[in-house]
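Inspection log for the structure reproduced underneath, given as structure tokens.
The values are calculated or read from the model by the stated rules, or taken from the named source; none is laboratory data. Source: prediction; values computed, not measured. As a convention, Cβ positions derive from the backbone with ideal geometry for all residues, glycine included, and neighbour counts pool all protein chains shown. Surface areas here come from the heavy atoms of the whole protein model, side chains and all, with no ligands, DNA or RNA. Shrake-Rupley method; radii C 1.70, N 1.55, O 1.52, S 1.80 Å.
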Amino acid sequence: MHRISQFRLATLTCAASLAFAPLWGVEAANQTQSERNTSDVSAETAAPTSPPIAEKRDHSYTFHGITISDPYDWLYDKSYPEIDDEDVLEYLRAENVWFEAAMEPHAQLTETLFEEMRARIKEDDSTVPQRRGDYLYWSEFEEGAQYRKHYRKPVGAPDNAEGQLILDETALAEGHEYFRLGAVAVSKNGRYLAYSTDTNGSERYTARVKDLETGELFGDEIPEVRTGLTWVANDTALVYGKANENWRVLDARLHRIGTPVSEDVFLYREEDESFSVNSGLSAQEDYLIIATGDNETSEVRFVSAADPTGELTLVKPRRKGVEYEIDMRDGELFVLTNDEHINFRLAKSPVDSPENWQTVLEGSNEFYLTDFDLFETFMVTEGRLNGLDQVQIRRYDAPTQAEPIAFPEASYTAGLSSNPEYDQTVLRLAYESMVTPDSVYDYHVENGQLELLKQQEIPSGYDGDLYVTQRTEVEARDGTMIPVSVVMRKDREALLRERGIEGPGPLHLYAYGAYGYAVPPGFSTTRLSLLDRGFAYAIAHIRGGDDLGRRWYLQGKLFERANTFNDFVDAGRGLIAQGFTGEGMVTASGGSAGGELMGAIVNQDPQQYGAVVAHVPFVDVLGTMLNEELPLTPGEWQEWGNPITDKSAFAYILSYSPYDQVSAQDYPPMLVTAGLNDPRVTYWEPAKWVAKLRDTKTDDNTLLLKTNMGAGHGGQSGRWNSLRETAEEYAFILWQMEMTDAQAGG
């Protein structure tokens with residue numbers, strides 16, 4: 001509901017954004033003419049016949065008596081986040097020109113894939129309305145539009161009553177090369193709308209306030225916002241967090257509507273620069289909750305939402321390695337924590353003695369408790385059992401007795417959707433599987449009935465009976481069994497024979513493997529363009545994610561990070577052994593920390609892969625973890641180790657850091673993307689990596705770098721721009737697999 005998320009996911013890259021159809025990169029065909037003038041050669045300039053070769057410049061650094069040579073360090077513009085070094089920009093532009101020249105012969109394939117993908121999207125789509133207060137809220141895409149419009153109408157209004165347009169993303173995006181909507185918050189009385197926008201990809205949002213009765217946009221303009229927006233003080237003020245010069249949120253501030261931002265009040269300030277601060281409301285919206293934490297430790301305070309400048313109450317002091325989050329109802333405080341069990345327990349205490357936690361649900365080795373929500377007459381717990389999502393209803397008078405919601409398939413992903421009302425009796429759920437499109441359900445708590453409200457419509461047609469999904473296991477080199485979700489056409493062999501391919505066909509393998517994020521076995525319309533050409537598509541549920549519980553995550557971080565890379569390599573090898581694919585026929589992709597994974601697996605087992613796509617890859621792990629001036633570095637030491645102070649961490653990171661481990665060997669064909677304004681994985685990591693690969697590798701395989709010169713970690717904004725990027729990625733894969741003439745099967 002209103003409770004803020006645990007901090008163990010605070011630095012997850014775009015995952016959300018990671019809908020796992022890739023959203024990273026740049027699409028030259030959609031660049032403005034002014035951008036082309038700065039990033040490309042003119043139309044009269046001949047296309048290059050060879051890739052750019054980055055200059056080597058002497059540079060080295062020494063830690064713990066070990067000296068590392070880094071001749072491509074100059075690609076890191078030391079004036080960052082300002083990037084104005086012409087040598088750097090010239091190199092990135094040259095790589096973009098080479099990318100365009102290499103992809104030009106496959107432009108028609110890209111266009112074919114794009115049109116296929118677009119035809120599967122209902123252009124004039126809308127969400128299912130949901131009640132909050134006196135109104136029903138929903139959003140819509142108009143046909144051809146890149147961005148949404150947001151509407152509402154009074155509860156009880158006729159079905160055909162026209163909605164009130166409360167926010168128009170298309171209008172807000174006008175004139176901007178990049179646009180992304182951040183937080184959206186309607187005041188409790190329904191009159192005011194607070195929202196934030198980012199127009200350059202830096203993830204530093206600007207917040208505004210709109211009067212929904214008059215349509216007036218107030219003069220309040222809050223810059224550098226990096227959190228949600230929370231209405232307090234009887235809808236007269238907003239609580240937010242501001243990014244500092246290092247992109248970190250170390251405070252919670254109160255802005256009273258109609259006053260200068262310079263008069264905003266600090267409600268809380270964090271002293272530990274590795275932590276981050278966020279805030280939200282309790283279930284009954286009577287308390288403001290302010291939480292601070294990093295990837296493994298948290299600390300929470302609360303105060304009356306009606307009097308947010310009052311004295312904060314500390315729930316329990318921080319203790320390294322202990323995470324907790326809270327919610328409250330009727331004088332009781334509920335706590336989700338890992339203090340006694342690695343898979344978390346649920347406890348509660350009186351609000352006036354918040355440190356006195358009494359167990360409600362014991363931690364379990366089998367059930368991984370990931371979340372809870374409080375409603376008036378029941379609560380909901382979410383988690384995973386044997387890697388499968390669970391949504392459970394529990395009554396306050398018998399909380400240990402779970403009423404699990406039953407879903408129709410053996411493998412799926414499901415969870416609570418938006419349920420903003422405390423007195424909710426019907427729960428909105430989201431559900432999908434690798435063969436079932438995104439579905440919206442209402443679950444009627446009293447009779448246990450699931451009601452399907454909407455299933456993603458695919459205008460060009462989709463027959464789920466043509467596809468089959470299964471969950472298999474492969475044995476990693478240390479004996480651990482790694483789950484893998486696979487989807488393919490039932491007639492895959494026939495499709496491949498039509499293309500002259502006998503025996504195992506190509507398989508695309510995806511994973512993330514970091515921060516305890518479990519990649520869900522969900523549906524993708526874009527993926528169909530591979531499946532319908534005879535590919536199998538697999539998600540490896542490797543360690544580093546928390547697919548099989550909290551320990552699964554811990555076994556892929558710090559000094560066990562190599563498990564993540566080994567699991568992926570062994571998953572591919574296992575799928576080859578099981579007959580899903582063959583040697584050299586595995587293609588792979590991953591982004592951010594998943595891009596680090598791509599860098600590690602091509603160093604370790606390059607011959608397995610026919611093509612690899614690394615989106616905004618975190619490949620200079622050692623260099624970044626040694627640079628404490630970078631925005632995310634201090635907060636990331638809990639995930640990777642601190643090589644500045646710990647010699648063993650330095651040596652271990654060096655042993656797998658993809659950039660440092662590039663060697664003179666053959667590498668598979670690779671497409672690498674970057675974002676110039678990316679604050680999470682800085683542009684120079686993929687740029688340096690590609691430069692070193694070009695100089696070191698012993699093959700003639702294609703290596704492309706594509707830097708988005710006008711966006712950040714999430715790539716181009718707008719649904720069609722990001723869709724075209726996916727089409728380009730798939731065109732690259734099909735090109736490298738010598739399947740450019742392959743048409744999608746019916």
**Message:** It is to be established whether one or more residues within the range 623-646 are of a type in the set (D, E, K, R), on the phi < 0 side of the Ramachandran plot, surrounded by 24 or more Cβ atoms within 10 Å (Cβ to Cβ) and touching a residue at least 24 places away in the same chain (Cβ under 8 Å).
**Reply:** no
**Complete:** Log entry, pairs with first residue in the range 257-286 being closer than 20 Å to residue 132 by Cβ and acidic (Asp, Glu), second being open to solvent by 30 Å² or more (accessible area, probe 1.4 Å) and outside any loop (DSSP other than H, G, I, E, B), beta carbons closer than 9 Å, six or more apart or on different chains, reads 286/304
**Message:** Please determine whether any residue of the range 515-530 is within 24 Å of the chain's Cα centre (by Cα), more than 21 Å from residue 730 (Cβ to Cβ), among the aromatic types (Phe, Trp, Tyr) and in a loop (DSSP other than H, G, I, E, B).
**Reply:** yes
**Request:** Assess whether residue 482 counts as being at pLDDT 95 or above, in a loop (DSSP other than H, G, I, E, B) and either farther than 18 Å from residue 547 by Cα or not small (Gly, Ala, Ser) (or both).
**Result:** no
**Complete:** Taking the range 237-265 and keeping residues acidic (Asp, Glu), within 19 Å of residue 294 (Cα to Cα) and either surrounded by 14 or more Cβ atoms within 10 Å (Cβ to Cβ) or modelled with pLDDT of 95 or more (or both) leaves 251
**Prompt:** How many of the residues in the range 126-136 are more than 16 Å from residue 426 (Cα to Cα), under 25 Å from the mean Cα position of the chain (by Cα) and in a strand (DSSP E or B)?
**Reply:** 1
**Filter result for residue 518 (open to solvent by 10 Å² or more (accessible area, probe 1.4 Å) and touching a strand residue (DSSP E or B) at 6+ places or on another chain (Cβ under 8 Å))** = yes
**Item:** Yes/no for residue 493 being among the acidic types (Asp, Glu), open to solvent by 10 Å² or more (accessible area, probe 1.4 Å) and part of a helix (DSSP H, G or I)
**Value:** yes
**Request:** For the range 344-357, name all the residues that are under 16 Å from residue 298 (Cα atoms) and in a loop (DSSP other than H, G, I, E, B).
**Result:** 344, 354, 355, 357
**Fill in**
Of the residues in the range 629-651 that are more than 20 Å from the chain's Cα centre (by Cα), part of a loop (DSSP other than H, G, I, E, B) and not polar (S, T, N, Q), the one that is nearest to residue 560 (Cα to Cα) is 641
**Request:** Scan the range 501-509 and give yes if some residue there is charged (D, E, K, R) and either touching a residue at least 24 places away in the same chain (Cβ under 8 Å) or closer than 30 Å to residue 680 by Cα (or both), otherwise no.
**Result:** no
**Request:** Show the residue pairs that are 6+ apart or on different chains and have beta-carbon atoms under 9 Å apart, the first residue being within the range 66-82 and within 20 Å of residue 649 (Cβ to Cβ), the second being open to solvent by 90 Å² or more (accessible area, probe 1.4 Å).
**Result:** 66/647
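Conditions (1) free of Cβ contacts under 8 Å to residues at least 24 places away in the same chain; (2) out of contact with any Cys (no Cβ under 6 Å at 6 or more places or on another chain); (3) buried (at least 22 other Cβ atoms within 10 Å of the Cβ); (4) closer than 21 Å to residue 296 by Cα, marked per residue:
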{"site": "545", "(1), (2), (3), (4)": "no, yes, yes, yes"}
{"site": "562", "(1), (2), (3), (4)": "no, yes, no, yes"}
{"site": "576", "(1), (2), (3), (4)": "no, yes, no, no"}
{"site": "612", "(1), (2), (3), (4)": "no, yes, yes, no"}
**Request:** Give just the number: which of (1) under 16 Å from residue 326 (Cβ atoms); (2) touching a helix residue (DSSP H, G or I) at 6+ places or on another chain (Cβ under 7 Å) does residue 368 not satisfy?
**Result:** (1)
**Message:** If residue 691 satisfies all but one of (1) part of a loop (DSSP other than H, G, I, E, B); (2) closer than 20 Å to residue 627 by Cβ; (3) of a type in the set (A, V, I, L, M), what's the number of the condition it fails?
**Reply:** (1)
**Some residue of the range 365-375 being touching a His at 6+ places or on another chain (Cβ under 9 Å), at negative phi and open to solvent by 30 Å² or more (accessible area, probe 1.4 Å)** = yes
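Condition check ((1) at pLDDT 95 or above; (2) under 25 Å from residue 657 (Cα atoms); (3) more than 28 Å from the chain's Cα centre (by Cα)) across all residues:
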{"site": "716", "(1), (2), (3)": "no, no, no"}
{"site": "720", "(1), (2), (3)": "no, no, no"}
{"site": "735", "(1), (2), (3)": "yes, no, no"}
{"site": "740", "(1), (2), (3)": "no, no, yes"}
**Prompt:** So, of the residues in the range 76-96 that are open to solvent by 20 Å² or more (accessible area, probe 1.4 Å) and part of a helix (DSSP H, G or I), which turns out to be farthest from residue 50 (Cα to Cα)?
**Reply:** 86
**Complete:** Filtering the range 213-236 for residues that are within 24 Å of residue 133 (Cα to Cα) and surrounded by fewer than 19 Cβ atoms within 10 Å (Cβ to Cβ) leaves a count of 10
**Prompt:** Residues in the range 415-431: is at least one assigned to a strand (DSSP E or B), open to solvent by 50 Å² or more (accessible area, probe 1.4 Å) and among the polar types (S, T, N, Q)?
**Reply:** no
**Request:** Would you be able to say whether some residue in the range 137-147 is farther than 30 Å from residue 442 by Cβ and in a helix (DSSP H, G or I)?
**Result:** no
